[in-house]
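Chemist: What follows is a structure written as structure tokens; I'll ask about it next.
The values are calculated or read from the model by the stated rules, or taken from the named source; none is laboratory data. The structure presented is a predicted model; accordingly, all values stated were derived computationally and were not measured. With ideal geometry, Cβ positions are generated from the backbone for all residues, glycine too; neighbour counts draw on all protein chains shown. These area figures cover heavy atoms from the full protein model, side chains too; ligands, DNA and RNA do not enter into them. Shrake-Rupley method; radii C 1.70, N 1.55, O 1.52, S 1.80 Å.
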Amino acid sequence: MNYDNEREENVRMTRRRQQKQEARKRWMKIGAVAAVFLLAVGAIAGLYFHGKNTSSAKSAVTSETKTVKTKKTAETTSSETKQTESSDKKTEEKDLKTQLEAVVTDYSKQIEEKTPVLIEEYQAEIQNNTGGVAGLSAIANQKARELQAISDEGISKLRAAYQAADDKSGVDLATLINQLSANYTNQVAKISDIYLRTSAALQAEMSSSQSVSETTEPSETTETTGSTTASDTQTSSSQYGEYAGSASTNETTASSQSTQSASTVVLAGEGPNQIAQRTGVPVETILALNGMSMDDYFLTPGEVLKLN
């Protein structure tokens, strides 16, 4: 009986050991599974955070790259803007100067082309002149004023374009105006020359006509009286004296006609004294009629002055 009891006890102990071993195996399996699970979770978490950090790093690098590119783009844009502004400024300066020079060229050409036309008109109009030297002067002054109108229009355009420009640096308006005025002066001098030639020819013709008339009258008186050779000699002497007197009278008449001219055109290089000497009008009269004095006067070639 004791033997059976021991045997049963051994069997129970054996079973308990087996149960403990099986339980230990189960826990080991559970532990292994848990370990594997934890390892897997850790690996997944590691991969996740590693990818996130990598993405953040890439994003940071990309952001830095974009920032650098943006800065470079901004610098390039700023540089291009400055270059564009500088180029625009230079272009504006060049355009203004070119524009003003074009105005000078255009109006100088108009003045040069108009001058021969005005001279032809002057020569045609003087054929019907009945006012003597004063009439010639009036016609010449009218033609000079037409040229001056073209010059004044050109100068007005120069000033308007200059005032409208924002940047006037590098542009000398006075020089451009002087260029146009000089061209006008050269052309109006041609009208003055033709006026002086025609007025001189008219004065010579009038003087010659008066001389012939006064010389003919004494000759007819001598023929009708039938005087002797001695009286013929005296008559000839008388005629000579009268002819000389007539020449003197003609010079006085021509001078008087020149003095009576309504106006005159100022020639290049002339001052009040030269104009008075040319026209025969006293300096004081010329200055007074035109609101000037010897201490305060300004004359430009082509300017029209009153003479009476």
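Chemist: If I ask for residues that are of a type outside the set (A, V, I, L, M), farther than 10 Å from GLN187 by Cβ and in a helix (DSSP H, G or I), which ones from the range 114-141 would you list?
Modeler: GLU120, GLU121, TYR122, GLN123, GLU125, GLN127, ASN128, GLY132, GLY135, SER137, ASN141
Chemist: Could you go through the range 169-188 and let me know if any residue there is in contact (Cβ under 8 Å) with a residue 60 or more places away in the chain, farther than 30 Å from SER209 by Cβ, of a type in the set (S, T, N, Q) and in a loop (DSSP other than H, G, I, E, B).
Modeler: Within the range 169-188 (the criterion being in contact (Cβ under 8 Å) with a residue 60 or more places away in the chain, farther than 30 Å from SER209 by Cβ, of a type in the set (S, T, N, Q) and in a loop (DSSP other than H, G, I, E, B)), the answer is yes, since at least one residue qualifies.
Chemist: Going through the range 252-285 one residue at a time, which ones are outside any helix (DSSP H, G or I), modelled with pLDDT of 85 or more, surrounded by fewer than 20 Cβ atoms within 10 Å (Cβ to Cβ) and polar (S, T, N, Q)?
Modeler: Across the range 252-285, the qualifying residue is only SER263.
Chemist: What is the one condition in (1) open to solvent by less than 50 Å² (accessible area, probe 1.4 Å); (2) under 10 Å from the mean Cα position of the chain (by Cα); (3) free of Cβ contacts under 8 Å to residues at least 40 places away in the same chain that VAL103 does not satisfy?
Modeler: All conditions are met except number (3).
Chemist: So, one more: Checking the structure you have, find out if any residue of the range 193-216 is surrounded by fewer than 18 Cβ atoms within 10 Å (Cβ to Cβ), in contact with a Lys or Arg (Cβ under 8 Å, 6 or more places away or on another chain) and of a type outside the set (A, V, I, L, M).
Modeler: No: zero hits.
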